Every structure is written in structure tokens, then in C-alpha cells.
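Some notes on the structure that comes next.
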Amino acid sequence: LETAASGWGVSGSLKKYVGLRTFVVELEGGWMENTMQEYLQGVAAGYRSAQLHTQLNFTSNPVTWFSTRLSGRYDINYVTGAATRRTRMVQVEGSLRVKPVPALALDATGHWLWNEIPGVTVSNTPLVKVSAAWSLRNATLFAECRNLLGATEYRRESVSAYRTTSSVTALPGRTFLFG
């Protein structure tokens with residue numbers, strides 16, 4: 001079965017350095033439109049989608065022993081087929097590194113996703129990982145905790161004009177690693 005697609009998009013970004021490049025603020029954005037023609041159960045079906053994408057990034061590295069990064073993304077997607085549907089998504093990611101002494105590195109990373117399709121709103125438990133690593137002359141000792149908040153699943157929802165797709169990934173829960 002043949003499918004056909006055409007689309008166009010425009011995107012851009014602005015970046016601002018503050019204080020001798022120790023703090024960076026970046027704003028990204030874009031608009032994309034697509035037209036699809038596909039066959040669903042032997043019947044030709046066509047639809048259009050339009051997506052507005054915005055993202056804000058903060059990066060800071062003011063001293064050698066501290067750095068951080070935070071990124072927030074917001075997308076709105078309009079899908080038009082037999083009817084028009086709007087979906088929204090918010091995604092936040094971040095990391096933090098502290099090195100109180102040159103041999104010790106303390107790290108934390110996090111990820112959170114929220115999305116909404118008609119009739120369904122999904123807000124995942126944030127995925128957080130913390131770790132500590134001590135560098136010795138011939139080895140590195142580390143301790144790590146993955147999924148600190150004990151999330152049991154990670155869900156995503158997406159929608160086209162004629163079908164809705166759900167994805168659920170089972171997570172093993174809180175995990176500790178030492179080495």
C-alpha cells in the first residue's frame with residue numbers, strides 16, 4: 001500500500017551569553033506542517049498535521065567545580081482529518097554536577113514528561129538518577145541510584161487523524177549500582 005507525504009517547516013534559535021559565558025540562555029522554536037495520504041484498511045485517508053515547537057535551555061558553569069543544565073520543551077500538535085485534534089506535550093530535563101574536591105564528582109539528572117491527547121492526560125513520575133564517583137590513581141569507585149523516585153512505568157501517547165497510539169514501558173523500579 002502506498003503512502004505519500006509532503007511537508008515544510010521553519011525553525012530558529014537565539015542564544016545569549018551572560019557573565020563571560022558562564023551562563024547561557026537559549027530559546028528555540030519552530031513550526032512544521034505535513035500532509036499525509038495513506039491507506040487504512042484499504043480506504044484512502046488523508047490528513048494534515050501542524051506542530052509548534054518551543055524549547056528553553058539554561059546552561060551554567062560559573063566555576064570548575066559546579067555545572068548545571070536545564071531544558072524545558074513545549075509542543076502543540078494539531079491533526080486534521082475527519083476532525084481536528086489538538087495534543088500537547090511538556091518535557092523537562094536537567095542535570096547538576098558538583099565537584100567539592102577534584103577527585104569526587106556528585107551528579108544528578110532528571111527527566112519528566114507530560115502529554116495530553118483528547119480524553120487522556122499522562123503525567124509520568126520524574127525519572128531521577130544520582131551518582132557519586134571517587135577517582136583514585138588506578139581505579140574509580142562509584143555509587144549510583146537509578147530511578148530514585150521508584151517509577152514503575154513510563155507512558156507516551158500520540159494521535160493521528162485516525163488512530164491513537166499508546167506506549168507503556170515497564171521500569172524495574174529503584175536500582176542501586178556500586179563498583
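Under 13 Å Cα to Cα from Lys15, which aspartates and glutamates show up? Leave out anything in the same chain fewer than 8 places away.
Of all the aspartates and glutamates, those that pass the test against Lys15 - Cα under 13 Å, at least 8 places apart if same chain - are Glu26, Glu28.
Could you give the dipole magnitude of the chain about its Cα centre, charging the beta-carbon of Lys and Arg +1 and that of Asp and Glu -1, in debye to the nearest 20?
Magnitude of the dipole: close to 540 debye.
What order do Trp31, Trp8 take when sorted by accessible area (1.4 Å probe), most exposed first?
Ranked list, largest accessible area first: Trp8, Trp31.
Keeping all protein chains in the complex and leaving out DNA, RNA and ligands, what accessible area do you get for Tyr17 with a 1.4 Å probe, in Å² to the nearest 10?
Near enough 90 Å² of accessible area.
Would you look at the GNM of the chain, springs on alpha carbons closer than 10 Å, and say which of Val43, Val120, Val128 moves the most?
Evaluated over the chain, the most mobile residue of the options is Val43.
If you build a Gaussian network model of the chain, linking Cα atoms that sit under 10 Å apart, which residue out of Ala105, Ala44, Ala143 swings the most?
Between Ala105, Ala44, Ala143, it is Ala44 that shows the largest mean-square fluctuation.
Ala151 to Ala4: FRET efficiency via 1/(1 + (r/R0)^6), r the Cβ-Cβ distance, R0 45 Å, to the nearest 0.05?
Once rounded, the FRET efficiency stands at 0.70.
Carbon and sulfur atoms: what percent of the 1.4 Å accessible area of the range 69-165 do they account for?
56
Ratio of Rg to Rh for the range 36-133, alpha carbon only, Kirkwood?
Result for the range 36-133 is an Rg/Rh of 1.22.
Could you derive backbone 3J(HN,Hα) for the range 44-49 from the dihedral phi with the Karplus parameters 6.51, -1.76 and 1.60 (θ = phi - 60°), listing whole Hz in sequence and x where the residue is Gly or Pro?
Residue by residue, the range 44-49 yields 5, 9, x, 7, 10, 9 Hz.
Which Cα, out of His111, Ser13, Phe142, lies furthest along the positive dipole direction of the chain (beta carbon charges, K/R +1, D/E -1)?
Of the options given, the answer is Phe142.
Which one is right for this structure if log10 I(q)/I(0) by the Debye sum over Cα atoms at q = 0.13, 0.16 Å⁻¹ is calculated from it: (1) -0.75, -0.96; (2) -0.87, -1.08; (3) -0.61, -0.96?
So the structure-derived entry is (2).
Convert each backbone phi in the range 12-18 into a coupling constant with the Karplus relation 6.51 cos²θ - 1.76 cosθ + 1.60 (shift: θ = phi - 60°), then list the ³J(HN,Hα) values in order as whole Hz, x for Gly and Pro.
Ordered by residue, 3J(HN,Hα) equals x, 8, 10, 10, 10, 9, 10 Hz.
In debye, nearest 20, what is the charge dipole magnitude of the range 83-144 about its Cα centre with +1 on Lys and Arg Cβ and -1 on Asp and Glu Cβ, if you could check?
Dipole about the Cα centre, nearest 20: 120 debye.
Placing +1 at every Lys and Arg Cβ and -1 at every Asp and Glu Cβ, with all other atoms neutral, what dipole size does the range 29-132 have around its Cα centre, in debye to the nearest 20?
Around 220 debye, computed over the range 29-132.
In straight Cα distance, which lysines are under 20 Å from Lys99, not counting same-chain residues fewer than 8 positions off?
Lys129
Using the Karplus curve 6.51 cos²θ - 1.76 cosθ + 1.60 with θ = phi - 60°, what ³J(HN,Hα) values do you get for each residue of the range 168-178, in whole Hz, with x for Gly and Pro?
10, 10, 6, 10, x, x, 5, 10, 10, 10, 9
Accessible surface of Leu106 in the full protein assembly, 1.4 angstrom probe, to the nearest 10 Å²?
It works out to around 70 Å².
What is the spin-label model distance, in nm, from Thr22 to Tyr39 if the labels are put 7 Å beyond Cα along the C-beta direction?
In this crude spin-label approximation the distance works out to 6.4 nm.
For the chain, what does the relative contact order come out to in percent, with C-alpha contacts under 8 Å and a separation of six or more?
Relative contact order here is 13 percent.
Keeping all protein chains in place, calculate the accessible area per residue for the chain (probe 1.4 angstrom), answer in Å².
That works out to 64 Å² per residue.
The values are calculated or read from the model by the stated rules, or taken from the named source; none is laboratory data. Quick caveat: nothing in here was measured; it's all calculated off a predicted structure. Using ideal geometry, Cβ is built from the backbone for each residue, glycine included, and neighbour counts are taken over all protein chains shown. Accessible surface is based on the protein model in full, side chains and every heavy atom, while ligands, DNA and RNA are left aside. Shrake-Rupley method; radii C 1.70, N 1.55, O 1.52, S 1.80 Å.
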